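The values are calculated or read from the model by the stated rules, or taken from the named source; none is laboratory data. Quick caveat, the model's predicted, so the values are computed rather than measured. Virtual Cβ from ideal backbone geometry, glycine too; neighbours counted across all protein chains shown.
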Amino acid sequence: MNNFSYTRAHSLDEAIQTIGNNTKFIAGGTNLLDLMKYNIEKAGLLVDINPIDSLRKIEPLPGGGIRLGALVTNAATAYHPLVEERYPLLSKAILAGASAQIRNMATNGGNLLQRTRCYYFYDPNTPCNKREPGSGCSAIGGYNRIMAVLGASLSCIAVFPSDMCVALAALDAVVNVSAPDGDRCLAFADFHRLPGDTPHMDNNLRPGEIITSIDIPEKGFPKNYSYLKIRDRNSYAFALVSVATGFELESGIIREARIALGGVAHMPWRVLEAEEFLKGKPATDMYFSEAADIIMRGAAGFEHNNFKIKLARRAIIRNCTMALHPETQVPGAQPSA
Ligand SMILES: Cc1cc2nc3c(=O)[nH]c(=O)nc-3n(C[C@H](O)[C@H](O)[C@H](O)COP(=O)(O)OP(=O)(O)OC[C@H]3O[C@@H](n4cnc5c(N)ncnc54)[C@H](O)[C@@H]3O)c2cc1C
Ligand code: SF4
């Protein structure tokens with residue numbers, strides 16, 4: 001681990017002023033500290049943003065949506081009454097992640113920026129284009145059971161491991177960021193990136209930008225939603241495949257559909273064509289199955305992860321069916337895979 005300086009920022013302005021070439025913000029530290037211990041992140045200056053109270057709020061937005069402060073913990077977000085009532089899909093996705101202790105520390109901003117769990121990324125003795133651009137990808141031709149089946153490239157086949165972000169993608173969230181040259185908002189679909197030939201870049205945040213909050217529009221699908229996470233253990237494990245679904249139904253006909261996948265790509269995976277296809281159709285297995293085919297079009301495995309293609313297809317169909325019965329969404333309980 002390299003030597004580094006540490007400071008605490010007490011306001012957003014103070015945090016922004018500290019931004020330099022080798023600065024890293026630290027929030028809950030649940031990912032960053034591990035990365036520093038592995039010598040993967042080598043910050044020269046660590047800026048602790050925890051004292052910035054203005055980033056630790058959840059508040060309703062005038063248009064009917066909600067704003068989640070970047071420093072609100074994952075646990076406080078999942079159990080917030082407004083989130084539970086209006087965005088139970090988000091509560092459910094957060095509670096499917098990590099452990100109670102980690103969710104108590106992990107923050108919303110940090111969740112968006114957590115790094116992949118590819119085994120080779122964490123092993124500095126192996127080539128990895130994400131850790132060391134140009135060195136190669138050990139997962140292609142290596143052990144790749146947890147890797148991507150959609151949107152991968154010959155440079156990187158890693159997946160983005162967040163649960164929370166799968167729900168945020170389905171809910172059309174917007175990420176608010178600040179930097180020395182001003183503020184901007186990024187649609188969730190534009191926040192994370194596919195690996196292409198620059199897999200070291202996980203997202204479109206510019207150097208020095210700080211996430212201040214995440215906005216979710218009014219539509220939360222509280223009547224018909226479901227989050228299904230399929231993993232090797234029933235708790236404290238990352239998703240092999242996860243699916244977030246929200247429906248607006250009228251007499252059994254789908255008026256609006258949202259389906260996002262986790263564990264299958266370098267970013268939460270959403271295919272608008274499949275959601276359009278479902279509009280106006282009866283909410284039945286037959287149409288869910290056709291939508292799943294559209295979502296999984298072009299999927300390709302790398303040997304040990306071939307199973308994910310069928311698994312994801314079945315998970316989509318099953319989760320759409322579960323969204324018709326949201327009473328199956330008991331917080332903390334996951335149906336067995
Ligand atoms: C054992 C274990 C199991 C886990 N299981 C799951 C799981 O099943 N599902 C899941 O979704 N997650 C899981 N996680 C990941 C966990 O959710 C993330 O580590 C956490 O959300 C990161 O938040 P943090 O506040 O601790 O971020 P930190 O570790 O503090 O920071 C992470 C990154 O974000 C940057 N950062 C933080 N806040 C900001 C901000 N406001 N603006 C700009 N940059 C910022 C930091 O500089 C750093 O690069 C697991 C983690 C562990 C350790
Ligand atoms: S899949 Fe990506 S993160 Fe994993 S070894 Fe290859 S380049 Fe590195």
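Filtering Asn111, Asn125 for residues that are more than 8 Å from ligand 2 (Cβ to nearest atom), of a type in the set (S, T, N, Q), free of Cβ contacts under 8 Å to residues at least 60 places away in the same chain and not in a loop (DSSP other than H, G, I, E, B) leaves a single hit, Asn111.
Could you list all residues from segment 151-169 that are within 28 Å of Arg103 (Cα to Cα), away from ligand 2 (no atom under 12 Å from the Cβ) and assigned to a loop (DSSP other than H, G, I, E, B)? Result: Ser162, Asp163. For segment 1-39, the set of residues classified as closer than 27 Å to Ala75 by Cα and either within 16 Å of ligand 2 (Cβ to nearest atom) or in a loop (DSSP other than H, G, I, E, B) (or both) consists of Ala9, His10, Ser11, Ala27, Gly28, Gly29, Thr30, Asn31, Asp34, Leu35, Tyr38, listed by residue number. All of (1) modelled with pLDDT of 95 or more; (2) away from ligand 2 (no atom under 16 Å from the Cβ); (3) not hydrophobic (A, V, I, L, M, F, W, C) hold for Gly63 with one exception: (1). Does Ser135 fit the bill of being closer than 17 Å to Asn111 by Cα and either within 16 Å of ligand 2 (Cβ to nearest atom) or in a loop (DSSP other than H, G, I, E, B) (or both)? No. Report yes if some residue within segment 243-258 is of a type in the set (Val, Ile, Thr) and under 17 Å from Phe160 (Cα atoms); otherwise report no. Yes, some residue in segment 243-258 is of a type in the set (Val, Ile, Thr) and under 17 Å from Phe160 (Cα atoms). One residue stands out among those in segment 34-54 that are within 10 Å of ligand 1 (Cβ to nearest atom) and within 23 Å of the chain's Cα centre (by Cα): the one that is surrounded by the most Cβ atoms within 10 Å (Cβ to Cβ), which is Ile49.
Annotation: of all residues in segment 69-83 being of a type outside the set (A, V, I, L, M, F, W, C) and either part of a loop (DSSP other than H, G, I, E, B) or in contact (Cβ under 8 Å) with a residue 12 or more places away in the chain (or both), the one that is nearest to Val177 (Cα to Cα) is Gly69. Each residue in segment 298-323 was checked for being among the charged types (D, E, K, R), over 12 Å from Val243 (Cα atoms) and in contact (Cβ under 8 Å) with a residue 24 or more places away in the chain, and 2 pass.
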